[in-house]
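To start, the structure under review is shown below, and the notes come after it.
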Amino acid sequence: MDKALEHSFVELLEKHQNIVHKVCRLYTNNQDAHNDLFQEITIQLWKAYPKFRGDAKFSTWMYRVGLNTAITLYRKSKRSIKTQEFESVQFKIKSEPYDDTEEQQLKQLYKGVHQLNDIEKALVFLYLEDKNYSEISETLGITEVNARVKMNRVKKKLRTILNP
Amino acid sequence: MDELELLKKDWKKEDKVYPKLSYNEIYNMILSKSSSIVKWIFIISMLEFVFWLFISFGLKASGFNLELDGMEQNFGFIAISIFSYAILAYFFYRFYTNYKTINTTDSAKTLMENILKTRRTVKQYVFFNLFVLVVGVAYMMPYAIKQDESSRALLETAQANGELFKYYAGIAIVTIIGLAIAISVLLLFYWLIYGILLKRLNRNYYELKKLEVE
């Protein structure tokens, strides 16, 4: 029974792992920290998995556990993960090579997003993942109105970073 | 174009950039141990319960050493003992039920509130113990003075010189200073441990709460 549960979980996570990578991308600044947060989110997802009923989409459920781990539960640790392949990969912003201005803007934007606080990052993350305000408010536990207000402030903040 | 729309356009393209972890790599991860703050809060809280249990045993043991003076039949002492165990059971039950409500699939705010609630229970227990410690020490002090030979000799000398008030005042001051130092060290220890552990959680919780009051 446990083996079957393990198998179904690992298979699902393998398929949807990009969601976890994206959370790590926003909340960490280097590869080691990325790996570490990835592992903690995986553990938390696995711990919560027996209660996953399947009435929600696995990916939607992952957003919540992933963000909760990044915002609330995660403690930096120095454990190392044996994933050679994983560590050798560098993240690069892939933008169109002919548009230098856009590339510069994107670089600035990513830098700006990293300067935001944890809650603002969560808003940006959910927005980038095409979540509507109702889902954003439910994930964070704030009202829809407050989610909109906060999002407008984040946009303003990013605009200031881009055009100081 | 809106800044976030520009970012979103790029964000969607990034799907191929992330490393792909294999089945086995993910499987190994689920076998490893968590280092989440909830786990640390649980460990530290358990240590706190054990620590105060030891302190309470220590106090009681020193009380039983004074049994020649009838301490074991002293109603106040027995009442404090029973009361402190009942309180321990109550706080432990509350801690456990609060801990059980911590659920990573709740909203961020609810999760934070539940973690803070668990912490608050242990904090209340610690304050209760500090209170019992102060009352216990004050209560046992007269017995200890009578029991200890050098203290008794000092008391008799003071009595003979008519300086009884000065003697008791001196003992009271020394006891208060001793307790104040012990309590300060404990509180500093707490402040450091939980300050570090809950710094991020408190900051994020405040950020969410701030949205409500604006």
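Every number here is computed from the coordinates shown, using simple stated rules; none is lab data. It should be emphasised that the depicted structure is a prediction, and the values quoted were computed from it without experimental measurement. With ideal geometry, Cβ positions are generated from the backbone for all residues, glycine too; neighbour counts draw on all protein chains shown.
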Next item on the list: May I ask for log10 I(q)/I(0) of region B:158-214 at q = 0.18, 0.20, 0.24 Å⁻¹, from a Debye sum over the Cα atoms as equal point scatterers with solvent left out?
Entry: -0.75, -0.81, -0.90
Margin query: Modelling each spin label as a point 7 Å along the Cα-to-Cβ direction, I'd like the B:I55/B:F92 distance in nm, to one decimal.
Written below: 1.7
Next item on the list: Please report, in debye to the nearest 20, how large the charge dipole of chain B is about its Cα centre when each Lys and Arg carries +1 at its beta carbon and each Asp and Glu carries -1 there.
Entry: 800
Item checked: Debye-sum result for region A:95-164 in log10 I(q)/I(0), which assumes one identical scatterer on each alpha carbon, at q = 0.12 Å⁻¹ -> -0.36
Note to self: Could you compute the longest span of chain B free of trypsin sites (Lys or Arg not before Pro) located in DSSP loops and having at most 14 other Cβ atoms within 10 Å, not counting the site residues?
What the structure shows: B:34-214
Check: Across peptide B:101-113, how many C-beta atoms of other chains are within 10 Å of each residue C-beta, on average?
Finding: 6
Checklist line | Helix-only CD estimate at 222 nm, as mean residue ellipticity for the protein assembly as shown, using -39500 (n - 2.57) per DSSP H run (n ≥ 4) | finding: -26500 deg cm²/dmol
Next item on the list: Specify the angular offset, from 0 to 90 degrees and rounded to the nearest 10, of the alpha carbon long axis of helix B:149-161 from the longest principal axis of the alpha carbons in chain B.
Entry: 60
Next item on the list: Which order do the peptides A:115-124, A:144-153 take when ranked by the mean count of other beta-carbon atoms within 10 Å per residue, highest first?
Entry: A:115-124, A:144-153
Notebook entry, point to check: What number in nm² do you get for region B:119-209 if you take the convex hull of its Cα atoms and divide its surface by four?
Noted result: 7.8
Next item on the list: Measure nothing fancy, just the Cα-based angle from helix B:37-64's long axis to the longest principal axis of chain B, in degrees from 0 to 90, nearest 10.
Entry: 10
Item checked: Rg over Rh, two decimals, the protein assembly as shown (C-alpha only, Kirkwood Rh) -> 1.15
Check: How well do other chains shield peptide B:35-44, expressed as the mean number of their Cβ atoms within 10 Å of each residue Cβ?
Finding: 4
Notebook entry, point to check: Hey, if you drop one equal point scatterer on each alpha-carbon of chain B and run the Debye formula without solvent, what base-10 log of I(q)/I(0) do you get at q = 0.13, 0.17 Å⁻¹?
Noted result: -0.95, -1.25
Item checked: Mean separation of Cα contacts under 8 Å, 6 or more apart, over the residue count of chain B: relative contact order % -> 21
Next item on the list: Evaluate peptide B:192-203: per residue, the Cβ atoms of other protein chains within 10 Å of its Cβ; return the mean as an integer.
Entry: 1
Check: What whole number of Å gives the distance from the Cα centroid of region B:118-178 to the Cα centroid of region A:1-52?
Finding: 56
